[in-house]
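Participant: One structure, as structure tokens, below. Some questions next.
The values are calculated or read from the model by the stated rules, or taken from the named source; none is laboratory data. What you are looking at is a predicted structure, and each value in this text was computed from that prediction instead of being measured. Here the Cβ is made from the backbone with ideal geometry for all residues, glycine too, and neighbour counts use every protein chain on show. Side chains included, ligands, DNA and RNA excluded: accessible areas come from the protein's heavy atoms. Shrake-Rupley method; radii C 1.70, N 1.55, O 1.52, S 1.80 Å.
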Number of protein chains: 2
Amino acid sequence: MNTSSRINIVLVEPSHPGNIGAVARAAKTMSIGNLVLVNPELFPDRQATVRAVDAVDVLERAVVCTSLKDALGQCTFVVGTSARTRGLPCPQIALRELGSRVWQELEKGHVAIVFGRESSGLSNEEMDLCQYATTIPSVSSLNLAAAVQVICYEIFMAALEQEPDLAGTDCEDALADSAELERLFEHLQAVLLEIEFLDPKQPKLLMRRLRHLYHRARLTQVEVNILRGILSATQRTVSQ
Amino acid sequence: MNTSSRINIVLVEPSHPGNIGAVARAAKTMSIGNLVLVNPELFPDRQATVRAVDAVDVLERAVVCTSLKDALGQCTFVVGTSARTRGLPCPQIALRELGSRVWQELEKGHVAIVFGRESSGLSNEEMDLCQYATTIPSVSSLNLAAAVQVICYEIFMAALEQEPDLAGTDCEDALADSAELERLFEHLQAVLLEIEFLDPKQPKLLMRRLRHLYHRARLTQVEVNILRGILSATQRTVSQ
């Protein structure tokens, strides 16, 4: 199960260092050892170490980033966790299906599971960086480490229940990673402004819809290059 | 789901009051509200209240007993949780099957799920009071509240999976039909020729790639309209 080294647990702005430690422990019980922290309020901290118990090594290897975008750089499958239904939701993936899906995606690249703040979760903008959203069915909100525990449990169970599917060797094109997709969306937004399709004062809703559409398609690198080629050709023609 | 009022979470000699509070919260997220404490080291306690967050009512209703036997009094289905394999194990029940079994047993009577001490779990004598044992698959030991969270999650999921799916009423946008998609592809091809991105002699390979991409995304009618709007805006700008 060494592919689990390509699963990142990403925490956005965790405010309590104790929770970071408890998350490290929760992930490690399920054989997941990569923690990425986006702007943690306090880290490293003694409380984190105490609550990590035998997962101090996970804390020591944790990567700290200053933006979620940076944290997701090389990931090709990004799932945001959400406690609520949103106005314009990204595609949902049922928690019972998440585990087996993660192992399929690990054949192709890196996976990130993103958890929001203790108080308010992920913002819409942060959720827009994710290709899928998943929700833990519940009647009230889970503690951050408890949520990580449940999700990592589902991923671990999927590994136990099915030998990693080695059959999926249809040599597909490589998937575009998060950084490549973000450059595509920036390029797309620039062109849509040039051709006056986007209202510069209100670009967000439309861009979110387009993000969802392209996230859903799971673009390959070749496809991103084609789409950016179309955008560049549009710009050349417009400026003639 | 009011039969869940007949599920008891039983903690044997919990030593940290913070864990008791976290257990209360974990159980309540999964609609389980009965906590039974056997000889807690410190209870009630401020730490328990703090960690319970919005499950203080569960703490307030918690029953304190002086023996596990008393705690199990009226229960007809008792499952002990164990991290290790024992010399003379009681019958095991797989965690994935525990949930549906619990709901079957609730038809007949009360259910108890028993959790041992943070440090050493349940003794053999205590395990002998249980009819079944269950184990959370893991590579290291879970925090007490994390273990309660995972087990209550399985019980809650079994309830959701049995009930007719009332959740599946997310009125999604209608999918575009084949004719709408074909008009989109014609429009796209026309624009790609105008901006000289397509070789008019060899348009097919690229158009096929784009078809695959958009087919994969399962476009909605609204999305087709947006994409065609972008194409029209491109044409207007180009012909200016």
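Participant: Only one of (1) open to solvent by less than 30 Å² (accessible area, probe 1.4 Å); (2) in contact with a helix residue (DSSP H, G or I) (Cβ under 8 Å, 6 or more places away or on another chain) fails for A:G121. Which number is that?
Facilitator: Checking A:G121 against (1) open to solvent by less than 30 Å² (accessible area, probe 1.4 Å); (2) in contact with a helix residue (DSSP H, G or I) (Cβ under 8 Å, 6 or more places away or on another chain), the one that fails is (2).
Participant: Test A:I136 against the stated conditions and say whether it is assigned to a loop (DSSP other than H, G, I, E, B), in contact (Cβ under 8 Å) with a residue 40 or more places away in the chain and under 18 Å from the mean Cα position of the chain (by Cα). Give the steps one after another, and end with the answer.
Facilitator: Working: assigned to a loop (DSSP other than H, G, I, E, B): yes; in contact (Cβ under 8 Å) with a residue 40 or more places away in the chain: yes; under 18 Å from the mean Cα position of the chain (by Cα): yes.
So A:I136 fits the description; yes.
Participant: Looking at the range B:193-239 only, could you name the residues that are acidic (D, E), open to solvent by 20 Å² or more (accessible area, probe 1.4 Å) and either at the interface with chain A (Cβ under 7 Å from one of its Cβ atoms) or assigned to a helix (DSSP H, G or I) (or both)?
Facilitator: Filtering the range B:193-239 down to residues acidic (D, E) leaves B:194, B:196, B:199, B:223.
Keeping just the survivors that are open to solvent by 20 Å² or more (accessible area, probe 1.4 Å) gives B:194, B:196, B:199.
Matches in the range B:193-239: B:E194, B:E196.
Participant: Residue by residue through the range B:125-139, note down the ones that are over 20 Å from B:S15 (Cβ atoms), more than 14 Å from chain A (Cβ to nearest Cβ) and either open to solvent by 60 Å² or more (accessible area, probe 1.4 Å) or at pLDDT 90 or above (or both).
Facilitator: If the condition is that a residue be over 20 Å from B:S15 (Cβ atoms), more than 14 Å from chain A (Cβ to nearest Cβ) and either open to solvent by 60 Å² or more (accessible area, probe 1.4 Å) or at pLDDT 90 or above (or both), then B:D128, B:L129, B:Q131, B:A133 are the ones that fit.
Participant: Filter the range B:25-42 for residues that are more than 11 Å from every other protein chain (Cβ to nearest Cβ) and on the phi < 0 side of the Ramachandran plot and give the result. Reasoning before the result, please.
Facilitator: In the first step, residues of the range B:25-42 are kept if they are more than 11 Å from every other protein chain (Cβ to nearest Cβ); the result is B:34-42.
Listed by number, the residues that qualify are B:N34, B:L35, B:V36, B:L37, B:V38, B:P40, B:E41, B:L42.
Participant: Okay, moving on. Given the conditions (1) open to solvent by less than 10 Å² (accessible area, probe 1.4 Å); (2) farther than 19 Å from A:M157 by Cα; (3) modelled with pLDDT of 95 or more; (4) under 18 Å from the mean Cα position of the chain (by Cα), report the number of the one that A:V78 does not fulfil.
Facilitator: Going through (1) open to solvent by less than 10 Å² (accessible area, probe 1.4 Å); (2) farther than 19 Å from A:M157 by Cα; (3) modelled with pLDDT of 95 or more; (4) under 18 Å from the mean Cα position of the chain (by Cα) one by one, A:V78 breaks only (3).
Participant: Can you pull out every residue in the range B:147-162 that is open to solvent by 10 Å² or more (accessible area, probe 1.4 Å), more than 16 Å from B:N8 (Cβ to Cβ) and facing chain A (nearest Cβ under 9 Å)?
Facilitator: Across the range B:147-162, the qualifying residues are B:M157, B:L160, B:E161.
Participant: Here are some residues: B:A48, B:A27. Which one is more than 20 Å from B:A159 (Cβ to Cβ) and small (G, A, S)? Quick ask: steps written out before the conclusion?
Facilitator: On the way: B:A27 fails: more than 20 Å from B:A159 (Cβ to Cβ).
Result: B:A48 is the single residue among B:A48, B:A27 that is more than 20 Å from B:A159 (Cβ to Cβ) and small (G, A, S).
Participant: Next up: Is it true that some residue in the range B:166-174 is among the charged types (D, E, K, R) and in a helix (DSSP H, G or I)?
Facilitator: Looking for residues that are among the charged types (D, E, K, R) and in a helix (DSSP H, G or I), one finds none in the range B:166-174, hence no.
Participant: Filter the range B:102-126 for residues that are touching a residue at least 12 places away in the same chain (Cβ under 8 Å) and assigned to a helix (DSSP H, G or I) and give the result.
Facilitator: B:V102, B:W103, B:E105, B:L106, B:N124, B:E126 - these are the residues of the range B:102-126 that are touching a residue at least 12 places away in the same chain (Cβ under 8 Å) and assigned to a helix (DSSP H, G or I).
Participant: With more than 21 Å from the chain's Cα centre (by Cα), within 24 Å of A:V139 (Cβ to Cβ) and modelled with pLDDT under 95 as the only criterion, which of B:E107, B:E60 stands out?
Facilitator: On the way: B:E60 fails: modelled with pLDDT under 95.
Result of the check over B:E107, B:E60: B:E107.
Participant: For the range B:83-104, name all the residues that are among the small types (G, A, S), within 21 Å of B:N143 (Cα to Cα), surrounded by 14 or more Cβ atoms within 10 Å (Cβ to Cβ) and modelled with pLDDT of 90 or more. Talk me through it step by step, then tell me what you get.
Facilitator: Looking only at the range B:83-104, we keep the residues that are among the small types (G, A, S), and these are B:83, B:87, B:94, B:99-100.
So of that shortlist, the ones also within 21 Å of B:N143 (Cα to Cα) come out as B:83, B:94, B:99.
Pick out the ones that are also surrounded by 14 or more Cβ atoms within 10 Å (Cβ to Cβ) and you get B:83, B:99.
Residue satisfying the conditions is B:G99 alone.
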